[in-house]
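The structure appears below as structure tokens.
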Amino acid sequence: MKRIYPTHTYGAGPRHSCWWDETCAAPEWPSIDENKQVDVAIIGAGFTGLSAALHLAEAGVSVAVMDAQHPGWGASGRNGGFCCLGGSKLSHKELVSRFGTEHAREFHQAEMDSVQLVAGLLDRLGIDADTHSHGETLLAHRAKDMHDLQKQAQFIRDEYKVEPTLIEKTKLRQSGMGGPFFGALTNPVGFALNPLKYLTGLAKAAAQAGAQIYANSPVAKLQPSSGGWCLNINGHEIRAENVLIATNGYSSDDLPDWLASRYLPTQSNVIVTRPLSDEELNNQGWTSHQMCYDTRNLLHYFRLMPDRRFLFGMRGGFQSSPSADRRSAQRNRRDFETMFPAWAHVETPNSWSGMVCVSRNLTPYIGPVPNMPGVFAGLAFHGNGVAMGSYTGKMLAELVQGHGVVPHVMQKPMATFPFGRARRAVMLPMYATYTLADL
Ligand SMILES: Cc1cc2nc3c(=O)[nH]c(=O)nc-3n(C[C@H](O)[C@H](O)[C@H](O)COP(=O)(O)OP(=O)(O)OC[C@H]3O[C@@H](n4cnc5c(N)ncnc54)[C@H](O)[C@@H]3O)c2cc1C
């Protein structure tokens, strides 16, 4: 596999001490140990691959999902658990200017549908994923951002047809959101969940519906074969008519070759505190269970979980190594203490990082892989794949069966980044620009 980060990124290091692993027993999945034939082979067992597997298996299609490590090992089993609108990095204005009003609206509907899809799956499959939060709250980190939040409130009303709530600075503390913020805007769409519990429930449901799920089964090669494709895994061959690429931030430049330079993995970093006492919560003035993020481009995301642990996340660095992980965790801790000074003494025993995926177009992609008939890909959720990855999996399942209608915005072919395998370099000016804009 040709990957653009060092081996460390794809090993146990970055996710060691992930809080979710302590909350949920991972089932034992078998690995590929013989040749097989299925209708659809899926590479990657995160939300995207497993949602595709579930929907295909429920439609009676024979399907096998392979993960190089184990289901949920990638971003899906180690994220912040915000099930919310998003998926693209383009603003509404940019979406309209690139795709037109109608297609921008179609994309917003897909964002809404994706949140609804996850809510429906949790309900239908009986998954208890410790959900909380009524929508998500955006906190202004500068006084001038309140003006933008007022405009955003109108946009939410017009485009998502739901009623947002603006909270003035003076009312934040009584809303349980005490901190260095200048006001807030709550969009009522979305909720928070334990991502690994959701993922494990999804995997078990897919298996129950007939999907074959394999751990420790890295796909080393994908080649054409008579009537479809042949995947080489652990020295065995899996033959399938269709193949779905669901590897997002853990993709390789040669699986398939088309992906080379078309995706950019970037790191996100999370810390979790021990449970906070009533006194500690009151000292900070933070008692809300809303999932929140701030108005920075390089945003912080945080939420008080049902067990009173506080989760706090932000972007990671450019480097990936044990020492780079330590630096990212320290930066995360420093920002946590700055934002919540009353908790400066509170331990954060859990700290981990993982890869999200950015595309040059700044929009997700769902569609065929050019010149590879029967192969489809779904990726690039720009750090918002809990809902959008689940939706993408369902869309991929429909495409394979010949009846999917992918929103226009997500059909746009993925453009290439400059600098080939050194393309991480584009993050330097990008992060510098964002940091300046956030001052
Ligand atoms: C720290 C962090 C916080 C985040 N917070 C949020 C959040 O709060 N809300 C939100 O919406 N999104 C969040 N995200 C993003 C979200 O987690 C991802 O967008 C989503 O999980 C992507 O799902 P996926 O199934 O497409 O990919 P992944 O879950 O990354 O799965 C890809 C899988 O492919 C496997 N794989 C790769 N290559 C091969 C191969 N050759 N053979 C077999 N298997 C292979 C990997 O082992 C991996 O398990 C966060 C991400 C991170 C890292």
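In the range 310-340, the qualifying residues are those that are under 19 Å from the mean Cα position of the chain (by Cα) and aliphatic (A, V, I, L, M), and the one that is nearest to ILE4 (Cα to Cα) is MET314. Report whether or not ALA432 is free of Cβ contacts under 8 Å to residues at least 12 places away in the same chain and assigned to a helix (DSSP H, G or I). Taking the combined requirement at face value, the residue satisfies it. Each residue in the range 339-368 was checked for being more than 14 Å from the ligand (Cβ to nearest atom) and either in contact with a strand residue (DSSP E or B) (Cβ under 6 Å, 6 or more places away or on another chain) or modelled with pLDDT under 95 (or both), and 2 pass. Does PRO195 count as surrounded by fewer than 20 Cβ atoms within 10 Å (Cβ to Cβ), touching a residue at least 40 places away in the same chain (Cβ under 8 Å) and closer than 28 Å to LEU54 by Cβ? Taking the combined requirement at face value, the residue does not satisfy it. Residues in the range 238-289 that are away from the ligand (no atom under 15 Å from the Cβ) and assigned to a helix (DSSP H, G or I): ASP278, GLU279, GLU280, LEU281, ASN282, ASN283, GLN284. The range 31-140 holds strands (runs of 3 or more DSSP E) entirely within its bounds, and those carrying 2 or more residues that are charged (D, E, K, R) and more than 27 Å from VAL189 (Cβ to Cβ) map to 36-43. Name the single residue, out of those in the range 422-439 being of a type outside the set (Ser, Thr, Tyr), surrounded by 12 or more Cβ atoms within 10 Å (Cβ to Cβ) and out of contact with any Phe, Trp or Tyr (no Cβ under 7 Å at 6 or more places or on another chain), that is farthest from GLY317 (Cα to Cα). It comes out as ASP438.
Just one residue in the set LYS204, LYS161 is within 29 Å of PRO306 (Cβ to Cβ), within 25 Å of the chain's Cα centre (by Cα) and open to solvent by 10 Å² or more (accessible area, probe 1.4 Å); that residue is LYS204.
Checking each residue in the range 226-237 for being assigned to a strand (DSSP E or B) and either modelled with pLDDT under 95 or surrounded by 24 or more Cβ atoms within 10 Å (Cβ to Cβ) (or both) picks out LEU231, ILE233.
The values are calculated or read from the model by the stated rules, or taken from the named source; none is laboratory data. Predicted, not measured: the structure shown is a model, and the values here were computed from it. Every residue, glycine as well, gets a Cβ built from its backbone with ideal geometry; the counts of neighbours run over all protein chains shown. In case anyone asks, the SASA skips ligands and DNA or RNA and just uses the protein heavy atoms, side chains included. Shrake-Rupley method; radii C 1.70, N 1.55, O 1.52, S 1.80 Å.
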